[in-house]
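The values are calculated or read from the model by the stated rules, or taken from the named source; none is laboratory data. All values reported here derive from a predicted model rather than from experimental measurement. Reconstructed Cβ throughout: ideal geometry from the backbone, glycine too, with neighbour counts over all protein chains shown.
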Amino acid sequence: MKKYTCVIIDDEPLARSLVIEYLQAFSNIEVMQECSDGFEGVKAIAQHNPDMIFLDVQMPKINGFEMLELIENPPAVIFTTAFDVYAMKAFEANALDYLLKPFSKERFHKAIEKMMNQLGSSQDRPAYDALVEAANEQEELLTRLVVKHHQAVVVLPLMDIQYLEAYGDYIKIHTANQVYLKKKTMNYFEQHLNAKDFIRVHRSYIIPAKEIQKIDPPDFVILRSGIKVPISKTGYGKLKGVLGI
Amino acid sequence: MHIYLLVDFGIDPKIAVVDSFITHFIFALTSFIIYITLKYYQPSKENFFYIRIWALLLAIGNTFVIVNALQYIYVSDASYQSLLDKSIPLRFCYQILMVATITLIQWLGNYMLEQQGDGDRKQQSESFTKEAELYNLRQQLQPHFLFNSLNSISSLAGSRPEEARKMIQQLSEFLRHTLRKDEKQLITLQDELYQLNLYLEIEKVRFGNRLKSVVLVDENCSQLLLPVLILQPLVENAIKFGLYDTLGEVEIVIQGKCMDRKWLQISISNPFDPSTHAQNSGTGFGIDSIKRRLYLLYANNDLVQIEMKDNLFLVRINIPQL
């Protein structure tokens, strides 16, 4: 029988024990590590490279979704949470299954079977496109960014952002004394940041309204930090709209 | 009847008909005036005196108009004139009776309609209160807390059934207390702390060693009163912020003091991270709703204070002892 490895990430010890207990029925699944928060989770996944993870959503400092964003090639994810409002978001994050606490042994077995079918076959994960689209439409705005810096995980308050700059497949997040990289698109940030506070002034730039020092029409805006950011024609239009000029 | 009476007094039937017509035409006009007036201005019970004066004036006016009109029309008929003069008091009495009756009927009709409207409004505001109460109950019964607790019980049931049974009992007792209906009900600090302890025990089972609590309450305060379920949402808030805003061990400190037996002061503190706290939109729903409840109960907006220093977040509430 094929062997699988997994990591359990949940801040409640009894919730982790339950998963372990349910997993005893599967002799081919080995629990590599139990983690009580997302930071440990990131490390454990990097270290063990497991086939799957069991992931809670609400956890200290960074939640399960924020943790997933920090992982380059995430393993199969089975969410375990008491919240049903996250189901859409879970599928957007390519979750394999979503277990609502408290879940039964039968439901758990179904999730595992699904996982084995999926990992066993070479085909890609099922297309969740429709679900993802629906989730994107109703998704809430960001209140902070979680980024990885060297091996550390950093929680960035939005007010620390000086500007965002497109950089290949990544976005450069500029703060007063650091530049962070995050694998997202400009469109993602444009949609998930409050349009009143963050303005996309250029195809490759988003700036916070509070950082604007001076506008040098028609090509540049100068930030408080002294940095000159290019603006496009449509960007200038948006800028004027937000600032009411 | 009017005509028959006049004919009986020896008046020409033709004159009697005209007399009757004028009298009742004027009366109908008056009724209409009363109807219109009361429709737009319904005096309260206290102002009923004015209604009587008004009705009296209307009756006098009516009699005057009727008599004058009849005198003018039949100025040459002497026998009718003398009868008319004699009938003034009678006509006046008749007018007063009719005007008063119409006014009273109209007023009562309006009064009843208004009462019904009042009733509707009362019912509406009562249902609003109830909805708010239910909303509160839902808030207190955090589904997140409930489902995670049930998950912990499910876990314990396999490994440590005795503890699972204990937790079910604690959870039930806590829920029963939470489902109490009367928001205004006062409870002794001792009883509230007992309930709070149930809640803390459940949360400690959930979070294991991460959660610690210290309860420091002056002996002599234990019989002081506070509204039910004031402390639990605050402690819930403290746990939530403490556990999700920091890593490692979290100690919740609950302190109770009494000031001259006139005030009961309770403070609840939890560790927090000032750098990430700002983005969690400040105080949180729990504290706001408690502030609102205390305001509704004591009409005082300063009963809840928040302090943040170093890595400690502290909420202090003052409960007046009436």
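The table for this structure:
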quantity: Every residue from segment A:206-217 that is surrounded by fewer than 21 Cβ atoms within 10 Å (Cβ to Cβ) and under 22 Å from the mean Cα position of the chain (by Cα); calculated: A:208
quantity: Qualifying residue in segment B:206-225 (condition: within 14 Å of chain A (Cβ to nearest Cβ), on the phi < 0 side of the Ramachandran plot and out of contact with any strand residue (DSSP E or B) (no Cβ under 9 Å at 6 or more places or on another chain)); calculated: yes
quantity: Among the candidates A:78, A:71, A:45, residue that is out of contact with any Leu (no Cβ under 7 Å at 6 or more places or on another chain) and crowded, with 20+ Cβ neighbours inside 10 Å; calculated: A:45
quantity: Hits in segment B:10-35 - residues which are of a type in the set (Phe, Trp, Tyr) and more than 13 Å from residue B:59 (Cα to Cα); calculated: B:21, B:25, B:32, B:35
quantity: Only one of A:21, A:66 that is out of contact with any Cys (no Cβ under 9 Å at 6 or more places or on another chain), among the acidic types (Asp, Glu) and within 27 Å of residue B:242 (Cα to Cα); calculated: A:66
quantity: Top-ranked residue in segment B:158-173 [being without any contact (Cβ under 8 Å) to a residue 12 or more places away in the chain and under 17 Å from residue B:197 (Cβ atoms); ranked as surrounded by the most Cβ atoms within 10 Å (Cβ to Cβ)]; calculated: B:166
quantity: Residues satisfying the stated conditions in segment A:6-33, i.e. more than 12 Å from chain B (Cβ to nearest Cβ) and within 18 Å of residue A:68 (Cβ to Cβ); calculated: A:6, A:7, A:8, A:9, A:32, A:33
quantity: Test: residue in segment B:289-308 that is within 14 Å of chain A (Cβ to nearest Cβ) and either of a type outside the set (Val, Ile, Thr) or part of a loop (DSSP other than H, G, I, E, B) (or both); calculated: no
quantity: Residues located in segment A:34-58, provided they are closer than 26 Å to residue B:150 by Cα and more than 14 Å from chain B (Cβ to nearest Cβ); calculated: A:52, A:53, A:55
quantity: Residue check for residue A:164: part of a loop (DSSP other than H, G, I, E, B) and either closer than 29 Å to residue A:83 by Cβ or modelled with pLDDT of 90 or more (or both); calculated: no
quantity: Subset of segment A:143-154 that is surrounded by fewer than 16 Cβ atoms within 10 Å (Cβ to Cβ) and in a strand (DSSP E or B) - its residue that is nearest to the other protein chains (Cβ to nearest Cβ); calculated: A:152
quantity: Evaluation of residue A:182 against (1) more than 28 Å from residue A:37 (Cβ to Cβ); (2) of a type outside the set (Val, Ile, Thr); (3) surrounded by 17 or more Cβ atoms within 10 Å (Cβ to Cβ) (one fails), failing number; calculated: (1)
quantity: Residue among A:207, A:215 that alone is out of contact with any Gly (no Cβ under 7 Å at 6 or more places or on another chain) and under 27 Å from residue A:70 (Cβ atoms); calculated: A:207
quantity: Matching residues in segment A:58-99 - criterion: being under 17 Å from residue A:16 (Cβ atoms) and either touching a Gly at 6+ places or on another chain (Cβ under 6 Å) or without any contact (Cβ under 8 Å) to a residue 12 or more places away in the chain (or both); calculated: A:59, A:67
